[in-house]
1. For n ≥ 4 DSSP H runs only, could you compute -39500 (n - 2.57) per run for chain A, divide by its residues and tell me the 222 nm figure to the nearest 500?
2. Give a quick list of GluC sites (Glu not before Pro) in the range A:1-48 that DSSP marks as loop, anything other than H, G, I, E or B, with at most 13 other Cβ atoms within 10 Å.
3. Among chain A residues, which Cβ is nearest the axis of the A-onto-B rotation, and at how many Å?
4. Going by Cα centres, the range B:1-44 and the range A:1-62 are how many Å apart?
5. Return the sequence-ordered ³J(HN,Hα) values of the range A:28-45 in whole Hz as given by the Karplus equation 6.51 cos²θ - 1.76 cosθ + 1.60 applied to θ = phi - 60°, using x for Gly and Pro.
6. Let me check against my output: what whole-number percent is the relative contact order of chain A, with C-alpha pairs under 8 Å and at least 6 apart?
7. Could you work out the longest stretch of chain B that avoids the trypsin sites (Lys or Arg not before Pro) located in DSSP loops with at most 14 other Cβ atoms within 10 Å?
8. So what J values fall out for the range A:12-25 if you push phi through Karplus, 6.51 cos²θ - 1.76 cosθ + 1.60 with θ = phi - 60°, rounded to Hz, Gly and Pro as x?
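Read-outs: derived from the displayed coordinates by stated rules, not from any lab. Bear in mind that the values here come from a model prediction, so they are computed numbers and not experimental data. Cβ placement follows ideal geometry from the backbone for every residue including glycine, while neighbour counts extend to all protein chains displayed.
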Number of protein chains: 2
Amino acid sequence: MDFIDYLDSRPIYEQIASRYKQLILTGVLSPNEKLPSVRKLAMELSTNPNTVQKAYAMLEREGYLYSVKGRGNFVRENDSLIDQKKDELKGKMKELIKEIQDLGLDPQELFTAALEEAEEDDRD
Amino acid sequence: MDFIDYLDSRPIYEQIASRYKQLILTGVLSPNEKLPSVRKLAMELSTNPNTVQKAYAMLEREGYLYSVKGRGNFVRENDSLIDQKKDELKGKMKELIKEIQDLGLDPQELFTAALEEAEEDDRD
DNA sequence: AAACTGTATTAGAATCTATAGTACAGTATG
DNA sequence: CATACTGTACTATAGATTCTAATACAGTTT
């Protein structure tokens, strides 16, 4: 559970949230599965319960979790979440494409080169 | 010169820097052209000379400018800058591709959809 | 009843951003 | 040479954000 990267400039609660997003979207965590309690996870990560609570609140706001007072936080169904995430990624991609076009470069060419490099990395 | 967007969460010095990066890379500003002095630009943008200075220092560190004490800041040749920026964009694209692949989605499909949307936006 | 859950509130430390004033060094121009 | 312009450096302050910490309260489980 090596969640926190102190070289990462993002705040801890955001690192926790994005890690759980991935675990939920990829199905590593199943719908209705219970997440660690805020206190337990805080212990594990050597951070503060409030920091974990902030991450969980964020995940609840974005539809990744539902929380029941006294019982815990639980994973939501992920079918619609994947569509939601896909839209988010498409939005990011669009912004990147626009930045590329603004400089008079060819998005397709740059994408192809990047994809090749990404697949090279996988083979290593 | 509507540089600063106070709805943009990025710091002012970063907004200034990224605007000038674009002007330099797209050739709107020519090599060896003089940029406004830190004090003059600060007046224009109703901000502080130190904030402009921070942006200029950043641009110098990244190779967009060279600065001469007593004379001013000047645009560098942009041939190598474009290659440098291209690498940077390719890196960003690679990270996005990896994020997409981590979720088991198809990068090419998502890219094509985003490109279409970007071109629709252009037509409006 | 005891031990666990989530949630809310308040306070303080640390960091980042921006502003402000001042000072010094080099250049351009009269 | 004098003045006004340039860049650069330093210190101080204020505000916002992030994180930690302590505490309290509410609900659930056993």
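1. -20000 deg cm²/dmol
2. When the GluC sites (Glu not before Pro) of the range A:1-48 are filtered for loop state and at most 13 Cβ neighbours within 10 Å, A:Glu33 remain.
3. Taking Cβ atoms only, the nearest residue and its distance are A:Phe111, 3.
4. 38 Å
5. After applying 6.51 cos²θ - 1.76 cosθ + 1.60, I find 4, 9, 8, x, 6, 5, 7, 8, x, 5, 4, 6, 5, 5, 4, 4, 4, 8 Hz.
6. 21 percent
7. Longest site-free region, per DSSP loop and neighbour criteria: B:1-68.
8. 4, 4, 6, 5, 4, 4, 6, 5, 5, 4, 5, 4, 6, 5
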